[in-house]
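So the structure is just underneath, and the comments pick up after that.
Values in this text are rule-based calculations from the coordinates and carry no lab data. Because the structure is a prediction, the values reported are computed rather than measured. We place every Cβ from the backbone using ideal geometry, glycine too, and count neighbours over all the protein chains shown.
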Amino acid sequence: MSFINFSFIISVHKQRRLQMKRATIVLLVLMLCITMPLLAQEKAAEKATETADKKEMTEQAEMAPPPALDDDFCKWLVGEWEGWSEGPEGKHSEWEKIEMGLNGQVLLREAVSKMDDGEYAGMGGMTINPESGEFMGYWMDNYRGMYQGKGKREGDKLTMEWEGYQGTYTNVLEKVDENTYTTTWSFTDAGGNTKEGKSEMTRKGATTMKE
């Protein structure tokens, strides 16, 4: 009788150990089932953060301004100039000042022409398209003229085409030497009438003004 009871006890203990092993295995499986999604979520979160950081860096790079103008022709134009211009209305004295503005991104120009019956004054900005390399700019004057221009440089020559409600204006500026440049221009008004002229400018203080 005792033998049977002892065997029964052993059997019960074996069953309990087996149940505990099974419970342990089930618990491990449950832990893996819980942990794996959490690990996957953590990796997904890390990847999403990394993607967001890369996107933010790309956006910041796209939003950042391009490097300052590093064109030798633009740098050479900076300064104060004086000279003369000649057209259908006669010959006039000219003055202009060109400087770099907006953290080196744009050439800012102010110009005054003294005429017998008054004064012409204008100002504007010009820069280089960082994608195409094309020159582009805006100009306005005391005749309420508003012009948008674009053009290209070929060596020491810059050709600009300007358009406004008053007409179209073609200006060719050519460097003669470090302190001198000439321009030839042609203006066609809204009625189709064309005027032409020329000018010569010398860097102020460099040499005697030529006329």
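For the reader, a short list of remarks on this structure follows.
- Checking the Cα-Cα distances for K75/K195; K97/K152; K54/K75; K91/K157; K75/K150; K91/K204 against a 26 Å cut-off, the pairs over it are K75/K195; K54/K75.
- Dipole of the range 72-203, positive end: most advanced residue of G83, T202, A111 [Cβ charges, Cα centre]: A111
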